[in-house]
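To start, the structure itself, in structure tokens.
No value in this document is a laboratory result; all are computed from the given coordinates. None of the values given here were measured: they were computed from a predicted structure. Ideal geometry is used to build each Cβ from the backbone, glycine not excepted, and the neighbour counts take in all protein chains shown.
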Amino acid sequence: MMEIRKTKKRIYISLLLVSIAILSALATAGVALYLNKFTHFYKWMLLTVLLGLAILIVVLSLGLAATVLTLWHVKGFFGLERLINFSLNLLFPITIALGKLLHIPKDIIKSSYIEVNNNLVKAKNYKIKPEDILVLAPHCLQRWDCPYKITADVSNCRRCGRCDIEKLVTLTEKKGVRLAVATGGTLARKIVMDFRPKAIVAIACERDLSEGILDTNPIPVLGILNIRPEGPCVNTRVDVKKVEEALDFFLIGGKGSKIDEK
């Protein structure tokens, strides 16, 4: 399992490295054009663009170095969090496009990104009040034929035990944290804006988790992939033990959580 997790992280980190290499190659090509092909006026314009690109490459490279250093030492370094977030967020669409060119499935890249994000979060110490923590779950955890609407109010759950919503309700009540169920990204963003949590434990598929982590930045999010025995978006499940471990990480504080993705 540890080797699988390392491999998953390496996929995204490798794509980040290639992305920076491509940007560096573009800058080098620009320098070649500057030296050989342009008139004086256009040389100044190109020089300005190249300087901006060079600064961006340096910042992204430092952000990537900080990311690798944090993951390696499993320790957050003061003052580097914004740099890391900026680099990962800016390069994320580039890694997706690069993965498409290399025929790497999007879900694999996004799963790798989630794993990197979780490890960066776990590199810091947190001790957050229960009322400031939000568990955000997808509506597909509820049985598709259940007549009780829980997206408006989770307390509508009748706790029949047919799905994992009942377990999440019981767990969040025990921990004193908030639980919300969203039908999609738009509602999820509204819930976060309304609740204003200081930490989030999010359950979803690769696409919704990766987009949600990007959207809610800089709020720390621990992402847990749902289980799809019947396919995506219908009667999905979640490992509630992982949710509890994520909550304990934020509530009690500490590093080296056992949270991992399958």
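Could you calculate the contour length gain from Cys160 to Ala25, that is, 0.36 nm times the residue separation minus the distance between their Cα atoms, to one decimal place in nm?
Numbers: separation 135, 0.36 × 135 = 48.60 nm, distance 5.87 nm.
Contour length minus the Cα-Cα distance gives 42.7 nm.
In terms of Cα to Cα distance under 12 Å, which aspartates and glutamates are near enough to Lys124, apart from those fewer than 8 places away along the same chain?
Straight-line reach from Lys124, under 12 Å: Glu81.
Find, among the chymotrypsin sites (Phe, Trp or Tyr not before Pro) in the range 52-139, those assigned to loop by DSSP (not H, G, I, E, B) with at most 14 other beta-carbon atoms within 10 angstrom.
Qualifying residues, ordered by number: Phe77, Phe78.
Over the range 170-262, what number does the Rg to Rh ratio reach, with both radii from the alpha-carbon atoms and Rh per Kirkwood?
Numbers: Rg = 13.0 Å, Rh = 13.9 Å.
With Rh from the inverse mean 1/r over Cα pairs, Rg/Rh is 0.93.
My understanding is that a pair violates if its Cα-Cα distance is over 27 Å; which of Lys127/Lys149; Lys149/Lys175; Lys174/Lys242 do that in this structure?
Lys127/Lys149
Suppose R0 equals 41 Å; then what is the FRET efficiency for Ala65 and Glu173 from their Cβ-Cβ distance, rounded to the nearest 0.05?
After rounding, the FRET efficiency stands at 0.45.
For labels at Asp248 and Leu17 in the simple 7 Å Cα→Cβ model, what's the distance in nm?
3.5
Distance in nm between label sites at Thr186 and Asp153, each 7 Å beyond Cα in the beta-carbon direction?
Output for this residue pair reads 2.4 nm.
For the range 86-195, state which trypsin sites (Lys or Arg not before Pro) are in a DSSP loop and have at most 13 other beta carbons lying within 10 Å of their beta carbon.
Lys127, Lys149, Arg158, Arg159, Arg162
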